[in-house]
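Below: one structure, written as structure tokens.
Readers should treat all values here as calculations from the given coordinates under stated rules, not as data from a laboratory. Bear in mind that the values here come from a model prediction, so they are computed numbers and not experimental data. Please note: Cβ atoms are built from the backbone with ideal geometry, for glycine as well, and neighbour counts cover all protein chains shown.
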Amino acid sequence: MKGIILSGGRGTRLRSALLAAVMLMALPALLIAAPKGAVHRPDPNRISPLPSHIERVAPSIVGIHVEVPSDRPSAATLGTERWGSGVIFDQAGYALTVSYVLLDAAWIDVTLRDGRKVPAKLIGLDLESGLGVVKLDGAGPWQAATLGNSTRMAVGDLTGTVGLDDDGKLVAVPGKVQEIKPFAASWEYMLDRAILVAPYSPAFGGAALVDATGAVVGLTSLRLGEAPFVNLAVPIEQFLGGKEELIAKGRVESRRPRPWIGLYTRELAGGGVIVAGVSPIGPARTAGFRPGDVIVRVDGAEVSSQTEFYRRLWLGLVGQDVQLVVMRDARLEAITVRPVDRYRLLKTSHP
């Protein structure tokens, strides 16, 4: 098949070409050995090199090209031109991807598996899960993938990570579940349950994670660790819980908004949370935090990990002051900051 890159243990173009050549050379012998009355002879040009669970989702995979105005808040950290993958989950043309590809998008162009390009519009983002939805321009029906159930996944289970590279070629990586665990990141982001898979895919941003049946069980979001890397996938249940509301309203409004202060942190190896920076639009920017501050307490409660920090911070309300105590130059400093609803600062849906 044209435009396919198999990654993993048997994924190079050279190996695919050699395999095809061997099959072609062996074809006459195979035909001679076939039963005399045989009427069905498989066409080697129609034999897919993809594993069956990846082949099932491949027609629904798309590439997503996004342009963001240079004056938008996310442009400084995520860039003004972005590329990611996505998966069509509804015949009406709705596709799911990761939120950082779409954040502040002014223009969206989608590449289909047959090479066609169609415009799309931003429907909504769920910044808590890190997922987002676009709508392809056109009546369809579009070929949609099956959404599965990741709660049945276990360590060692067969997976496939399927996305498009920026040339529009399919990048398919057969793999396995390496770990299922909570995950916390520097930008006030946390998942109670994340799926780690290996080997990693170089086209990980928004690629579909499928199980052995070809059903989508997650969206790959990040590359983690040192080589050999793993991919982090957001479980599909993070999307399914608020799917209809996200499409209808552009965000999951029924969920209480998380208080956001715009603080970047990292967890220290021996325990503790250190300030790494601040968002240019968050309230932390003017509150007095400095890189290197170690967060000791949140509203009087001690914290020693990002998980504890976020859980204490999110107990509060948007617009309600929160006090953080930090260790700075061997002294304790109290900093009061008023969290905001970040959905009001960022473009997360179509006007």
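Worth pointing out:
- Overall form of the stretch 169-298 per C-alpha gyration tensor (a/c, 1.5; a/b vs b/c): oblate
- Shown for the chain: lysine pairs separated by 8 or more places, or found on different chains, whose C-alpha atoms are under 23 Å apart, numbering 15.
- Highest-first packing order for the peptide set 171-179, 254-262 is 171-179, 254-262, based on the mean count of other beta carbon atoms within 10 Å.
- Label-zone membership for the stretch 314-351, site residue 281, 7 angstrom Cα→C-beta point, backbone N under 12 Å: 341-349
- Gain on full extension, evaluated as 0.36 nm per residue between residue 71 and residue 299 minus their Cα-Cα distance, stands at 78.6 nm.
- Protection proxy ranking, highest mean first, for peptides 66-76, 49-59: 49-59, 66-76, where packing is the per-residue count of other beta-carbon atoms within 10 Å, averaged.
- Applying a DSSP loop filter and a limit of 15 other Cβ atoms within 10 Å to the GluC sites (Glu not before Pro) in the stretch 206-303 leaves 226, 253.
- Computed from the alpha carbon positions, the gyration tensor of the stretch 263-344 leads to an equivalent ellipsoid with semi-axes of 19, 14, 12 Å, biggest first.
- Three principal axis lengths of the stretch 50-255 [C-alpha, angstrom, descending]: 42, 37, 34
- Debye log10 I(q)/I(0) at q = 0.09 Å⁻¹ for the chain, Cα point scatterers: -0.55
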